[in-house]
Amino acid sequence: MKLFFMAVPAIAFLLIAGTPAASLAGDYEDGEKAWEAGNDAEAVRLYIRAAERGSAEAQASLGAIYYRGRRAKKDFSASAYWYEKAAAQGNPVSQYILASMYFAGKGVAQDYKEAARWVLAAAKLGLADAQFEIGRTLREGRGVPHDMDAANKWFRLAAAQGHVRAKKIVAALGPKPKDAAGTRNRYSLIDTLRNNAASGSLTSQISLGYRYQDGRGVRKDLSKAAKWFRMAAEQGNAEAQYRYGLLIKTGDGVRQNHGAAAKWFRLAAEQGVVGAQVNLALNYFTGKGVAKDPVVAYKWISVAGGLGFERLQESRILIAPDLSGAQIVEAEKLANAWLARHKNRKK
């Protein structure tokens with residue numbers, strides 16, 4: 001999948017250790033202002049900066065820009081990339097649109113199972129269109145086993161929110177039979193996320209991590225953010241590994257431990273998370289949490305640069321004085337070998 005990255009200042013690897021939520025919001029809000037003013041290039045630049053730092057709103061905005069081709073070249077691959085980023089953070093509209101892209105094979109390889117997974121995630125978060133669509137998906141058996149009872153359940157939920165097509169289907173179904181107790185279980189969005197996360201839902205775990213980190217819909221609680229990011233990280237999610245590593249590095253919500261942070265950064269770095277690669281380079285450059293190794297630091301900065309952050313290549317001048325010519329050659333070989341193994345992650 002084609003990736004889009006912003007330029008990063010040469011000393012960014014010394015500064016990117018953690019990005020305050022206010023900075024993310026500021027970039028996104030400034031991007032909104034630039035967009036409304038018709039300054040498209042500046043808006044996209046600010047959206048990308050906020051998106052790469054984890055703003056789900058900015059990621060969703062970029063998904064829409066590249067999907068519609070409004071004031072930017074239409075690029076479904078880029079759109080799917082950004083929608084998936086936002087979807088992984090629990091943005092239901094992004095989950096729904098991403099599902100439609102998987103159903104149609106637009107910007108991604110057609111995959112009904114993946115489509116069903118994302119539309120179900122959006123439906124569970126209360127999006128009426130997604131509830132209707134998962135009802136159709138279950139009725140038709142697209143990517144999931146045929147299940148009319150489950151389909152009708154989702155049609156009723158969508159109809160209760162006023163979805164016109166769902167209301168027509170429900171009208172034909174007749175009254176809903178009550179359960180043995182004659183009651184319905186109602187859960188708030190956060191309750192639903194907690195229940196799903198506790199049952200192993202990766203999407204819900206990540207969504208809760210961000211919500212507790214930012215105080216969105218819940219009281220800000222970094223210890224709970226760390227808990228949910230850790231659970232998602234242990235399932236192998238690269239973004240969660242990176243976010244959990246940042247919390248451990250700064251000691252926010254968990255005991256500070258540079259060695260453990262480096263471990264999580266390494267796992268995320270190997271999966272192509274540029275922020276993790278930068279932080280891991282910093283660990284090796286300073287010797288925090290790992291044995292100091294400027295060769296490995298140089299390698300990871302070079303890898304991050306090779307993934308699209310070209311100006312990070314300039315950061316190598318801060319490391320180069322600690323290396324001999326032979327060591328620089330060795331570090332570049334290591335970086336090129338990594339990039340060769342991960343060609344699909346390049347721009």
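Odds and ends about this structure:
- Between Gln271 and Glu234, the contour length at 0.36 nm per residue exceeds the alpha carbon distance by 11.9 nm.
- Neighbour counts of other Cβ atoms within 10 Å put Glu52, Glu42 in the fewest-to-most order Glu42, Glu52.
- In range of the label at Leu189: residues from the stretch 71-110 whose backbone nitrogen is under 11 Å from the point 7 Å along Cα→Cβ: 90-93
- Per-pair calculated FRET efficiency, R0 = 35 Å: Arg219 and Glu29 via Cβ, rounded to 0.05: 0.95
- A simple packing score, the average count of other Cβ atoms within 10 Å per residue, orders the peptides 109-117, 289-297 as 289-297, 109-117, with the highest score first.
Taken together, the values in this text are just the output of simple stated rules run on the coordinates, not laboratory data. In this text, all values refer to a predicted model and were calculated from it rather than measured experimentally. A quick note on method: Cβ atoms are made from the backbone with ideal geometry, for glycine too, and the neighbour counts reach across all protein chains shown.
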